[in-house]
Amino acid sequence: AQDRDVDGHTVPMAASGPGAGRWASFAAPLGFRVSTLDGPAGQASLVKLLRSVYMKGRDALILEMMVAARRHGVEETIVASIGGPAEQVPFPELVTRVLGSLALYAERRAVELEAAADLVAATGLEPLVARAGAARLRWLADLGVGEIFAVDRPKDAAAVLAAIQRLDGRGLEDRPGGAR
């Protein structure tokens, strides 16, 4: 038998729109795990794809890191060094911790990630993910979010996101299709 890392029809799914409740009622007795989201049809797809920024981006990051680590001969050390208590926090807590820290230290982290990208490049592997991550951190630093929180550390992720929205000048009205 082949190992599979998918759960087939039992993988959780989300549904939105006017038929979401009916679909969930129909699918549940068949073993589907459907949660319904408030919002128009397509809202569940929007959530899934935005979630993929993290999930698939994380996968690409691990791939890039591990290929470079292998080429530097330190893959076992890298794997053993990641997974301590800091990596064992629930995701909502992680989001708060990361955004709070980035609000203060995005510039320094961009510089460090640029240096890490150079190490990846030294192996002959193009550091696509590392360079993109550094560019995103530089974007945050250039917005000036750190100046807002220089005196008082952000209380939560929502405070950081609100500051980004204020400084970036883009909000819900800028979404494709306008405000909903």
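The values are calculated or read from the model by the stated rules, or taken from the named source; none is laboratory data. What you see is a predicted model, and the numbers here were worked out from it, not measured in a lab. Backbone-built Cβ (ideal geometry, glycine too); neighbour counts: all protein chains shown. SASA here: full protein model, heavy atoms, side chains in, ligands and nucleic acids out. Shrake-Rupley method; radii C 1.70, N 1.55, O 1.52, S 1.80 Å.
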Could you grab the pairs with beta carbons closer than 6 Å, sequence gap of 6+ or different chains, first residue in the stretch 63-82 and closer than 16 Å to VAL120 by Cα and free of Cβ contacts under 8 Å to residues at least 12 places away in the same chain, second one aliphatic (A, V, I, L, M) and outside any helix (DSSP H, G or I)? none
Contact list, first residue from the stretch 48-60 and among the small types (Gly, Ala, Ser), second anywhere and open to solvent by 100 Å² or more (accessible area, probe 1.4 Å), beta-carbon distance below 9 Å, six or more apart or interchain, is ALA60/LEU128
Among (1) within 30 Å of LEU128 (Cα to Cα); (2) modelled with pLDDT under 95; (3) out of contact with any strand residue (DSSP E or B) (no Cβ under 9 Å at 6 or more places or on another chain); (4) not in a loop (DSSP other than H, G, I, E, B), which single condition is PRO29 missing? (1)
Can you tell me which residue is surrounded by the fewest Cβ atoms within 10 Å (Cβ to Cβ) among those in the stretch 144-170 that are over 17 Å from the mean Cα position of the chain (by Cα) and among the β-branched types (Val, Ile, Thr)? VAL151
Meets criteria (under 17 Å from the mean Cα position of the chain (by Cα) and of a type in the set (S, T, N, Q)) for THR123: no
Given the residues VAL89, VAL120, which is the only one that is in a loop (DSSP other than H, G, I, E, B) and open to solvent by less than 40 Å² (accessible area, probe 1.4 Å)? VAL89
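Does ILE78 count as more than 30 Å from ALA158 (Cβ to Cβ), at pLDDT 95 or above and either open to solvent by less than 100 Å² (accessible area, probe 1.4 Å) or among the β-branched types (Val, Ile, Thr) (or both)?
It is true that ILE78 is more than 30 Å from ALA158 (Cβ to Cβ), at pLDDT 95 or above and either open to solvent by less than 100 Å² (accessible area, probe 1.4 Å) or among the β-branched types (Val, Ile, Thr) (or both).
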Matching residues in the stretch 95-117 - criterion: being under 15 Å from the mean Cα position of the chain (by Cα) and open to solvent by 50 Å² or more (accessible area, probe 1.4 Å): THR96, ARG97, VAL98
If you scan the stretch 21-64, which residues turn out to be open to solvent by less than 60 Å² (accessible area, probe 1.4 Å) and within 12 Å of the chain's Cα centre (by Cα)? SER52, MET55, GLY57, ALA60
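Return yes when PRO18 is open to solvent by less than 80 Å² (accessible area, probe 1.4 Å), more than 30 Å from ASP152 (Cα to Cα) and not in a helix (DSSP H, G or I) and no when it is not.
no
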Can you name the number of the only condition in (1) in a helix (DSSP H, G or I); (2) under 30 Å from ASP156 (Cα atoms) that GLY83 fails? (1)
